[in-house]
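Notes to accompany the following structure.
The values are calculated or read from the model by the stated rules, or taken from the named source; none is laboratory data. Owing to the predicted nature of the structure, the values given are computational and were not obtained by experimental measurement. Note: ideal-geometry Cβ built from the backbone for every residue, glycine included; neighbour counts use all protein chains shown. Note: accessible area is taken over every heavy atom of the protein model, side chains too, but ligands, DNA and RNA are not part of it. Shrake-Rupley method; radii C 1.70, N 1.55, O 1.52, S 1.80 Å.
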Amino acid sequence: MKHSFLEGNVSISDDVIPLVSTRINFKDFMGAVMVRWGINRDNYRISPGLYAFGNPDQESDVFVTANYKLTFDNLRKNLSGLDGWILVLDTKGVNVWCAAGKGTFGTIELVNRIKLVSLEKFVNHKRLILPQLGATGVAAHKVKEETGFNVHYGPVRASDIKRFIRDGYRADKEMRRVTFGFKDRIKLIPNDFIYGKFYLLGAMAVIFLISGVSSKGFSYKDFSGEGGPGILKVFLAYFSGIVITPMFLPYIPGRHFSLKGFYAGVLVFLILIFLKFTGGNVFEIISWFLIITAISSFLAMNFTGSSTFTSLSGVKKEMKISVPLQIGFALIGTILMVVGKFI
Amino acid sequence: MKDLMYLPDVVTLNLCEATCNGCGMCLKVCPHGVFELSGKKAHIVRRDYCMECGACALNCQVQAITVNSGVGCAAGIINGILRNSEPTCGCSDSKSNCC
Ligand code: SF4
Ligand code: SF4
């Protein structure tokens, strides 16, 4: 497939290096939008290797990145007006940070890629600029030992690259910090929303089946009467865990994500009560409380994977307490709902 | 904005100040400003902000830092348990805004 970001080639003695544009066009933009919604996600990659941008020569900088197209686009659009080289590692179409965690954006791949493209033929200096978050997979001193190239960890965000270079390859404290602001969190929601669809459909199916049960046995009439509102409540619980909790993460009390999700679920439940949407039966009300908070809490807990500040030890500790409670809530809630039908 | 902090007193990060040569590399790679340099030694100053990514330990030439690194991701831990392996994250697109 011909990529729209290619502008031609540059020839350096016998080698032909693809020249990439530093502009993002409509196709790149649409691709990014689709990928955020989980469409074509696993295919959104470019070929690893060496690329040129601007009008590079032997003194130009070399920027190392991942072969996830979204990551690549984000880098090249922040290089406009500069000249240089981009060395794309084979990270299996995964972004830098995640790939570094898995080790695909790693020392071995970097060392091999430098040798494979014979980088020393194109530059006469030994500077490589890596995104700081690649450090989780790359040991700078090992790269130096194996290839002679010096790894300079650039800023966390590509948008700070120009400032980094202007300041003499130095990043200040703020450029080295990962943030997790409102905008960062919002961007993740579509993907998580799609990612959790099986949980949603599963829970909806259970509620739908239960809605058909009554003291008179199993009836299709009850399905249509109660099934709809039941499914809507499950959807709101899902929304609470996957949209509300991430959006208001810093403002919801508690440190445990599952606790934050629980609170968000309580809020949704209270709104439903206020709207007289939970039925009059005490069993039904309690069961909805348990089910909504369990779903919301579980999904909010999953947001730990998308966040940028949770540790493995912390998540393990959180799950030891939360998962048994979530399962207990969901089970008791389901049982009460069925029991309520027979009283 | 105020930095977000997860659970206190859980991280497995350790720094041996006697081994440290003060090169400053850990300060550069840490995305949460956990270290500071003073008196030619690195010090842990924000332990509870550590996310156990492992970048500091991997890039310390003299191996003065140890940390049980891994992904702080509930779905990853569940996957790990189901498959009886290390936690592996499906890694939602989360971190792709970084370069
Ligand atoms: S990277 Fe290691 S040697 Fe360098 S300052 Fe940090 S702890 Fe000390
Ligand atoms: S493990 Fe990561 S977050 Fe923790 S101190 Fe090291 S570099 Fe910083």
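The rows are residues; the columns are (1) within 11 Å of chain B (Cβ to nearest Cβ); (2) open to solvent by less than 40 Å² (accessible area, probe 1.4 Å); (3) farther than 30 Å from residue A:342 by Cα; (4) modelled with pLDDT under 85.
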site	(1), (2), (3), (4)
A:178	yes, yes, yes, no
A:204	no, yes, no, no
A:217	no, yes, no, yes
A:223	no, yes, no, yes
A:232	no, no, no, no
A:247	no, no, yes, no
A:259	yes, no, yes, no
Residue in region B:22-35 that is in a strand (DSSP E or B) and out of contact with any Cys (no Cβ under 6 Å at 6 or more places or on another chain) present: no
Candidates A:161, A:186 - the one that is over 21 Å from residue A:310 (Cα atoms) and of a type outside the set (Phe, Trp, Tyr): A:161
Region A:104-136, subset facing another protein chain (nearest Cβ under 10 Å) and not hydrophobic (A, V, I, L, M, F, W, C), residue farthest from the chain's Cα centre (by Cα): A:107
Search result, residues across region A:127-175 that are touching a Leu at 6+ places or on another chain (Cβ under 8 Å) and among the charged types (D, E, K, R): A:162
Filter result (near ligand 1 (Cβ under 10 Å from one of its atoms), open to solvent by less than 20 Å² (accessible area, probe 1.4 Å) and facing chain A (nearest Cβ under 9 Å)) within region B:17-45: B:29, B:30
Single condition residue A:199 does not satisfy, out of (1) crowded, with 18+ Cβ neighbours inside 10 Å; (2) assigned to a helix (DSSP H, G or I): (1)
Pairs with Cβ under 6 Å, 6+ apart, first in region A:119-133 and within 17 Å of residue A:79 (Cβ to Cβ), second open to solvent by less than 60 Å² (accessible area, probe 1.4 Å) and in a helix (DSSP H, G or I): A:131/A:96
Test: residue in region B:3-16 that is within 10 Å of ligand 1 (Cβ to nearest atom) and out of contact with any Cys (no Cβ under 6 Å at 6 or more places or on another chain): yes
Residue check for residue A:31: in the same structural domain as residue A:143 (by TED's automatic domain parsing) and buried (at least 18 other Cβ atoms within 10 Å of the Cβ): yes
Selection from region A:261-302 of residues that are of a type outside the set (A, V, I, L, M, F, W, C), open to solvent by less than 20 Å² (accessible area, probe 1.4 Å) and in a helix (DSSP H, G or I): A:261, A:265, A:287, A:293, A:296, A:297
Considering residues of region B:3-16 that are assigned to a loop (DSSP other than H, G, I, E, B) and open to solvent by 30 Å² or more (accessible area, probe 1.4 Å) only, the residue nearest to ligand 2 (Cβ to nearest atom): B:12
Any hit, region B:48-57, residues being crowded, with 23+ Cβ neighbours inside 10 Å, at pLDDT below 95, facing chain A (nearest Cβ under 10 Å) and away from ligand 1 (no atom under 16 Å from the Cβ): no
Residue B:73 being open to solvent by 50 Å² or more (accessible area, probe 1.4 Å), within 10 Å of chain A (Cβ to nearest Cβ) and more than 10 Å from ligand 2 (Cβ to nearest atom): no
Residues within region A:152-170 that are touching a strand residue (DSSP E or B) at 6+ places or on another chain (Cβ under 9 Å), at the interface with chain B (Cβ under 10 Å from one of its Cβ atoms) and open to solvent by less than 20 Å² (accessible area, probe 1.4 Å), tallied: 4
Flag if residue A:119 is in the same structural domain as residue A:57 (by TED's automatic domain parsing), open to solvent by less than 10 Å² (accessible area, probe 1.4 Å), over 28 Å from residue A:302 (Cβ atoms) and in contact with a strand residue (DSSP E or B) (Cβ under 6 Å, 6 or more places away or on another chain): no
Long-range neighbours under 7 Å by Cβ, at least six apart or interchain, first residue outside any helix (DSSP H, G or I) within region A:327-342, second open to solvent by 40 Å² or more (accessible area, probe 1.4 Å): A:342/A:215
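A quick yes/no check of all residues on (1) assigned to a helix (DSSP H, G or I); (2) farther than 27 Å from residue A:186 by Cα; (3) not small (Gly, Ala, Ser):
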position: A:29; (1), (2), (3): yes, no, yes
position: A:32; (1), (2), (3): yes, no, no
position: A:57; (1), (2), (3): no, yes, yes
position: A:87; (1), (2), (3): no, yes, yes
Counted residues, region B:2-16 - those being modelled with pLDDT of 95 or more and more than 8 Å from chain A (Cβ to nearest Cβ): 4
